[in-house]
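Note sheet for the following structure.
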Amino acid sequence: MHPPQPPLGFGRTPAALAFFLAVIFFLIGALVLKPFFPAVDDALLNLISRGIGVTQQPSEFLFFINVSLGLALKQLNLWLPNVPWYALLLETVLFLATWAFGTVVLDRLRARESLTVAGLVCLPSLVHNFAWPQYTATAFWAAQAGILLLVFSDSRPRARWAGGVLVVLAGLLRWEAAVIALGISIPFGWFGSKGLGSRKAKYAAFAAVCGFLLTAHIFDEAYYASRPEWRTARDYARVHNHWAEYKMPAYDRYESLFRSFGWSPADFGMYLGWYWLDPKFDLSNLQKIDRAVGYDWPQKLAHWEIQWAGRAFFPFLQGLALVLLLWNGRRRWKFLVPNALWFVLVAGGLVLFAKTPEHVLLPQLFYLNFLTVVLTYQDPSPSTEKGPGAPGARRFSKFLLLSCLAATATLMVRQDLLKNLSRRQAEKLFAKSLERLHGGPGRLWVLWNTNFPLEAISAFD
């Protein structure tokens, strides 16, 4: 029998240490890194929320971000227009999620090196999300942290409801991210919560979170329905994402279909670049094409291979952790194995039937990595038995896992630091070219095109 773990208390040492760790990480990040939006989506949402370029005044219509959150951002931008509220929102949610992840690690391990494990587990994801704030990735990170608090909350209602708040924040940032995170966590929530406080209280909190998210989603749909022009704009974006990014059809494969709508290869390329001013890109035509085209499996698998490049250390680390679990004879493998299999099924569905960009793929890898490492590293009750489960073997397992975890964290942080440094140098060159174009100080407005990527601008500029 394992001794019961101490309850997860937000006024006690684990939460206080995790808060201190998150503050240190963020201060270091602010000194070393400069946040950039990794894709044009967030850059455009930032401009819409601030009323720059796309709209004449701050707007609450941020497409896939819930309009209730958009209304708050709109009001803040009306009060203090020179503050980058959108970027601050993403970084604030990231800080809360990092605090929650660290609290869970420190509370569950209770070992001398638990602070080191917490740092190595949280640091790669924190650096990546801090340097490249992206609303979908931030939503995944917050939802996963909230689910961990809900599962490991024991009998402490403050931790349980803090987890619920994080999941709700994630759902407001991106509804799909919260739904996917909850779906992936089904076996973890079922098996992992056994013996950790009242299940009824957790189910009540889970039901309240789901009810709030569903209500917010219905409100969002109704709000857009009251503004037909914005609803149409979001419908355009949804159709574009569905068949141009999820199904990924090649023009050659459906050439007769595209030509029946008057599309040439050049038109196809223009639409992929989000151009739809010509009548041939009418919403009804796009919806008909969406219904007619299927999934282009070779193209999707090629896209998956590109995204997977350089990420092989994740399954290696998780495989090592599972081997160590089996070698040490711990019963937690009975939970981790079905959870890992379920994760593979859900992740496989995402790969086959949805797009898998970095901001969708990486959070899932981080999450499974977190669960596997933490539950493997968690120390059972002291044992004097001989064999694989003996204390000496467990110390070797911990050392091996900690070494691999440190190598993985170092590799990921190095990649993001070098990439961020390169982006900062590109920003300086871009600023100089704008100064030459403008010929003096002042504000210069430039239309976005392929030669002017909005991602070249810092998230806080």
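The values are calculated or read from the model by the stated rules, or taken from the named source; none is laboratory data. It should be emphasised that the depicted structure is a prediction, and the values quoted were computed from it without experimental measurement. In this analysis, Cβ positions are derived from the backbone assuming ideal geometry, glycine residues included, and neighbour counts consider all displayed protein chains. Just the protein is used for accessible areas: all its heavy atoms, side chains included, with ligands, DNA and RNA removed. Shrake-Rupley method; radii C 1.70, N 1.55, O 1.52, S 1.80 Å.
Considered as a group, the residues in region 400-420 that are under 18 Å from residue 113 (Cα atoms) and not aliphatic (A, V, I, L, M) include one that is surrounded by the fewest Cβ atoms within 10 Å (Cβ to Cβ), and that residue is 403. When the residues of region 18-42 are filtered to those that are assigned to a helix (DSSP H, G or I) and either basic (Lys, Arg) or at pLDDT below 85 (or both), which remaining residue is surrounded by the fewest Cβ atoms within 10 Å (Cβ to Cβ)? Result: 40. For region 246-285, a residue qualifies if it is more than 21 Å from residue 234 (Cβ to Cβ), among the aromatic types (Phe, Trp, Tyr) and in a loop (DSSP other than H, G, I, E, B), and the qualifying residues are 251, 254, 261, 263. If you go through region 286-305 and pick out every residue that is closer than 22 Å to residue 233 by Cα and not acidic (Asp, Glu), you end up with 7.
State yes or no: is residue 153 at pLDDT below 90 and touching a Lys or Arg at 6+ places or on another chain (Cβ under 6 Å)? Write out each step before concluding.
Values: at pLDDT below 90: yes; touching a Lys or Arg at 6+ places or on another chain (Cβ under 6 Å): yes.
Against the criterion (at pLDDT below 90 and touching a Lys or Arg at 6+ places or on another chain (Cβ under 6 Å)), residue 153 qualifies.
Any chance you could count how many residues in region 38-55 are farther than 15 Å from residue 74 by Cβ and not β-branched (Val, Ile, Thr)? Result for region 38-55: 7.
Restricting attention to region 43-62, which residues are in a loop (DSSP other than H, G, I, E, B), open to solvent by 40 Å² or more (accessible area, probe 1.4 Å) and either farther than 16 Å from residue 87 by Cα or touching a residue at least 40 places away in the same chain (Cβ under 8 Å) (or both)?
Going residue by residue through region 43-62, those that are in a loop (DSSP other than H, G, I, E, B) are 51-62.
Narrowing the set further to residues that are open to solvent by 40 Å² or more (accessible area, probe 1.4 Å) leaves 52-54, 56-57.
53, 54, 56, 57, listed by residue number.
Just to be sure, is residue 167 at pLDDT 80 or above and open to solvent by less than 10 Å² (accessible area, probe 1.4 Å)?
Details: at pLDDT 80 or above: yes; open to solvent by less than 10 Å² (accessible area, probe 1.4 Å): yes.
Against the criterion (at pLDDT 80 or above and open to solvent by less than 10 Å² (accessible area, probe 1.4 Å)), residue 167 qualifies.
Just so you know, in region 75-95 the residues that are part of a helix (DSSP H, G or I) and open to solvent by 60 Å² or more (accessible area, probe 1.4 Å) include one that is farthest from residue 174 (Cα to Cα), and it is 79.
Test residue 232 against the criterion of being touching a helix residue (DSSP H, G or I) at 6+ places or on another chain (Cβ under 8 Å), polar (S, T, N, Q) and either modelled with pLDDT under 90 or not in a loop (DSSP other than H, G, I, E, B) (or both), and give yes or no.
yes
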